[in-house]
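Report on the structure given below.
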Amino acid sequence: MTLTFVAHNTPEPALYGAMASILACQRGVGLAHLSVNWNKQRYADACQHVTAEGELVTSGLLWYERFSGKSAGKVWLLDDLLSLHGSKDWVIPLGPSQLESFTKLARAVRDYSVDYQLVEVERGVQGYQLRRGGSVQGGQGVWWRDSFGRFTTGHRTPPALGSRRLRIALIGTYSDQLGSYPATLAALGDAAEALGTAVETVFIPPRAPENVLISTLRDVDGVLMPGGSDMLNVAGQIRAAHYCLQHDLPVLGLCLGMQTMATAVIQKMLGNTQANLAEADPLAPLKTFVPLEQTSGHPQHRLGDDVMKMRDDSQLASLLGGETTVRYNHRFQLNPQFKNNLQSYGLTVSGTDRSGTIADAIEYAAHPFYVGVQGHPELTSAPERPHPLISAFLKAAVKK
């Protein structure tokens with residue numbers, strides 16, 4: 001058994017495990033990750049990547065899933081890894097907090113009489129590479145991140161010359177989308193590449209003044225509303241959703257994005273801007289999304305892969321079929337008291353869980369493309385296999 005520790009001393013959670021994943025895939029060995037701490041005040045979505053099995057892990061472990069096609073798995077205790085898998089080789093990423101205690105880690109490994117080596121991630125002018133003992137590890141090559149934050153060693157084929165460049169607004173900061181939770185931006189790149197469409201991503205901070213948000217939205221072809229755990233972003237997402245409703249601008253919402261889109265429609269339907277998510281405003285007089293656990297039989301926190309069932313006559317069914325598997329990470333659901341009135345108003349619950357009681361997707365019939373899903377399709381996207389929902393969103397933006 002040999003352990004290869006890959007040290008990447010960066011504060012950005014989105015980089016955690018990336019080069020370690022590349023090394024593990026090139027060697028054909030497993031990747032195991034240990035407990036690591038992040039600055040959650042700076043990176044709210046540092047640990048919002050959810051595996052198929054329902055484990056919440058560092059968001060940078062997305063890269064292992066994209067490179068290997070396998071789950072990032074659970075967080076290991078080093079003693080368990082050493083005692084349960086004595087004959088296997090592993091690559092183990094190390095973040096800043098783990099590097100601080102590496103001497104203790106190394107001592108534990110030696111206590112098990114296990115061989116180990118330490119390689120470091122170095123960022124140079126050309127990109128990221130691995131170095132051990134002062135020597136560059138040439139077999140792994142130099143890697144860099146493209147305009148969608150995806151790790152690559154080569155140039156991908158650009159869209160055909162003369163094709164129009166789409167401007168897609170992503171309601172989030174560049175730092176959050178690239179440094180904290182990279183999946184949404186990467187999935188957008190997958191879909192753009194597959195369609196042969198040149199896409200320029202316009203980052204709109206959700207806490208920007210309303211006049212800045214509106215003036216920027218006037219010059220885009222579509223809006224992507226990401227998920228996220230920072231409730232201070234909700235008000236800006238709702239404002240953006242209202243703009244999309246008013247101007248027939250194609251919009252796709254992912255998890256929190258679906259919740260804010262549904263909230264905008266409820267506010268419009270009721271003529272009441274005080275309707276809001278319970279998570280964002282516990283004192284809101286009208287709560288558009290309420291805890292799952294308030295409904296008997298529902299979990300407190302829904303995590304991992306689950307089936308979404310589509311309404312037969314829906315736009316979503318035409319894209320995804322009768323049912324599909326989606327990755328989930330949420331604790332709130334559309335308030336059941338609004339479902340019937342929303343249906344009459346034109347907002348269809350087009351996808352549900354197996355029981356038919358949790359609203360997993362919405363779409364607005366009077367709009368060219370106003371679609372939201374409670375799950376995270378971006379987590380199952382790949383360069384050669386973009387998620388069809390994100391591709392459909394880009395096609396709607398092209399039509400605009």
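Using a cutoff of 8 angstrom between alpha carbon atoms and counting only pairs six or more residues apart, the relative contact order for region 172-302 works out to 16 percent. Report the rotationally averaged projected area of region 280-400 based on its alpha-carbon convex hull, in square nanometres. Mean projected area for region 280-400: 8.6 nm², to one decimal.
With the largest listed first and rounded to whole Å, the semi-axes of the equivalent ellipsoid of region 341-391 from the Cα gyration tensor are 24, 15, 6. Axis of helix 256-270 versus longest Cα principal axis of the chain: the two differ by about 10°, to the nearest ten degrees. Kindly provide log₁₀ I(q)/I(0) values, in the same order as q = 0.26, 0.28 Å⁻¹, from the Debye equation applied to equal alpha-carbon scatterers of region 278-348. Relative scattering, expressed as log10 I(q)/I(0), comes to -1.19, -1.18.
Element breakdown for region 252-400 at a 1.4 angstrom probe: carbon and sulfur atoms account for 46% of the accessible area. Find the accessible area per residue for region 27-72; the probe is 1.4 Å, ligands and nucleic acids are left out, and the unit is Å². Accessible surface, normalised per residue, equals 42 Å². Across all directions, the average projected area of the convex hull around the alpha carbons of region 79-134 is 4.8 nm². Against the empirical 2.2 N^0.38 Å (N residues), the chain has a Cα radius of gyration ratio of 1.02.
The residues of region 176-265 expose, per residue, 28 Å² of accessible area to a 1.4 Å probe. Each Lys and Arg contributes +1 and each Asp and Glu -1, all at the Cβ; summed about the Cα centre of the chain, the dipole is approximately 520 debye. Between residue 100 and residue 357, the modelled labels are 4.4 nm apart [label points 7 Å from Cα along Cα→Cβ]. Helix content alone sets the calculated 222 nm mean residue ellipticity of the chain: runs of n ≥ 4 DSSP H residues at -39500 (n - 2.57) each, divided across all residues, give -8000 deg cm²/dmol.
Taking Cα atoms only, the orientation of helix 183-195 departs from the longest principal axis of the chain by about 80 degrees.
Element breakdown for region 22-82 at a 1.4 angstrom probe: carbon and sulfur atoms account for 42% of the accessible area. The fraction of all Cα pairs in region 15-76 landing in successive 5 Å bins from 0 to the largest distance is 4, 20, 31, 25, 14, 5, 2, 0, given as whole percents. Here region 181-280 is described by how far its Cα atoms reach on the three principal axes: 42, 26, 23 Å, from widest to narrowest. If the segment from residue 126 to residue 294 were pulled out straight at 0.36 nm per residue, it would be longer than the present Cα-Cα gap by 55.2 nm. Kirkwood radius for region 40-132, taken over all pairs of different Cα atoms as the inverse mean of 1/r, rounds to 15.4 Å. Atom-type composition of the exposed protein surface of region 174-249 places 49 percent of the accessible area on carbon and sulfur (1.4 angstrom probe). Using a cutoff of 8 angstrom between alpha carbon atoms and counting only pairs six or more residues apart, the relative contact order for the chain works out to 16 percent.
The values are calculated or read from the model by the stated rules, or taken from the named source; none is laboratory data. This one's a predicted model, so the numbers in the text were calculated from it and none came from an experiment. Positions of Cβ are backbone-derived with ideal geometry, glycine not excepted, and every protein chain shown enters the neighbour counts. Protein only, heavy atoms only, side chains kept; ligands, DNA and RNA dropped before computing areas. Shrake-Rupley method; radii C 1.70, N 1.55, O 1.52, S 1.80 Å.
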